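The values are calculated or read from the model by the stated rules, or taken from the named source; none is laboratory data. Only a predicted model underlies this, so the values are computations on that prediction, with no experimental measurement involved. Neighbour counts are summed over all protein chains in view; Cβ atoms, including those assigned to glycine, are modelled from backbone coordinates with ideal geometry. Note: accessible area is taken over every heavy atom of the protein model, side chains too, but ligands, DNA and RNA are not part of it. Shrake-Rupley method; radii C 1.70, N 1.55, O 1.52, S 1.80 Å.
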Amino acid sequence: QVQLVESGGGLVQAGGSLRLSCAASGSIFSIRTMGWYRAAPGNQRELVASITRDISTNYADSAKGRFTISRDNAKNTVTLQMNSLKPEDTGVYFCNADIFALGGGGFKGYWGQGTQVTVSS
């Protein structure tokens with residue numbers, strides 16, 4: 001059984017910073033891309049940033065220059081450092097990972113439970 005557990009959300013004023021972390025646990029053979037998605041109120045979940053196993057990164061335009069995604073392949077963790085936060089960054093942030101679980105029959109997408117980020121103006 002594979003689990004993704006996020007931490008680090010909270011309430012911050014505009015211009016502040018938050019650091020989100022996600023740890024994958026369970027019977028994991030390999031992890032490909034890991035990423036963070038945001039679900040803003042009334043909107044669909046959208047990609048914020050992603051990172052491949054060989055540390056190739058991709059950012060939404062809104063995140064470029066302010067957010068940094070990183071991962072630790074040995075610990076199966078992914079982190080999103082968010083700086084210069086804006087009210088429009090508010091939403092529930094979900095961790096996502098393509099994981100090959102032992103006995104799982106190939107790579108599958110897994111989601112964390114989400115962590116709330118609220119940026120006040």
Restricting the first residue to segment 1-23 and requiring it to be within 11 Å of GLN116 (Cβ to Cβ), which pairs with a second residue that is of a type in the set (D, E, K, R) meet a Cβ separation below 6 Å and a spacing of at least six or different chains?
GLY8/ARG19
Do we have any residue at all in segment 76-92 that's closer than 30 Å to SER121 by Cα, assigned to a strand (DSSP E or B), in contact with a Lys or Arg (Cβ under 7 Å, 6 or more places away or on another chain) and among the small types (Gly, Ala, Ser)?
yes
Does segment 32-39 contain any residue that is over 17 Å from GLY112 (Cα atoms) and either among the aliphatic types (A, V, I, L, M) or over 11 Å from the mean Cα position of the chain (by Cα) (or both)?
no
From the residues in segment 57-66 that are assigned to a loop (DSSP other than H, G, I, E, B) and within 14 Å of the chain's Cα centre (by Cα), which one is farthest from PHE107 (Cα to Cα)?
ALA63
Considering only residues that are more than 18 Å from VAL12 (Cβ to Cβ), of a type in the set (S, T, N, Q) and either open to solvent by less than 50 Å² (accessible area, probe 1.4 Å) or in a helix (DSSP H, G or I) (or both), which ones fall in segment 93-118?
ASN96
Identify all residues within segment 47-56 that are part of a strand (DSSP E or B) and either of a type in the set (Gly, Ala, Ser) or in contact with a His (Cβ under 6 Å, 6 or more places away or on another chain) (or both); write none if there are none.
ALA49, SER50
Go through segment 72-116 and report how many residues are under 14 Å from ALA24 (Cα atoms), within 10 Å of the chain's Cα centre (by Cα) and not hydrophobic (A, V, I, L, M, F, W, C).
5
Hey, can you tell me all the residues within segment 47-79 that are within 16 Å of VAL92 (Cα to Cα), touching a residue at least 40 places away in the same chain (Cβ under 8 Å) and either of a type in the set (A, V, I, L, M) or surrounded by fewer than 14 Cβ atoms within 10 Å (Cβ to Cβ) (or both)?
VAL48
Where GLY16 falls short, out of the listed (1) outside any strand (DSSP E or B); (2) exposed (fewer than 13 other Cβ atoms within 10 Å of the Cβ):
(2)
Pairs under 6 Å by beta carbon, first residue over 11 Å from ASN96 (Cα atoms) and part of a strand (DSSP E or B) in segment 29-46, partner modelled with pLDDT under 95 and open to solvent by 30 Å² or more (accessible area, probe 1.4 Å), six or more apart or different chains?
PHE29/LEU102
Filter segment 1-13 down to residues that are among the β-branched types (Val, Ile, Thr) and open to solvent by less than 50 Å² (accessible area, probe 1.4 Å) and give me whichever is nearest to the chain's Cα centre (by Cα).
VAL2
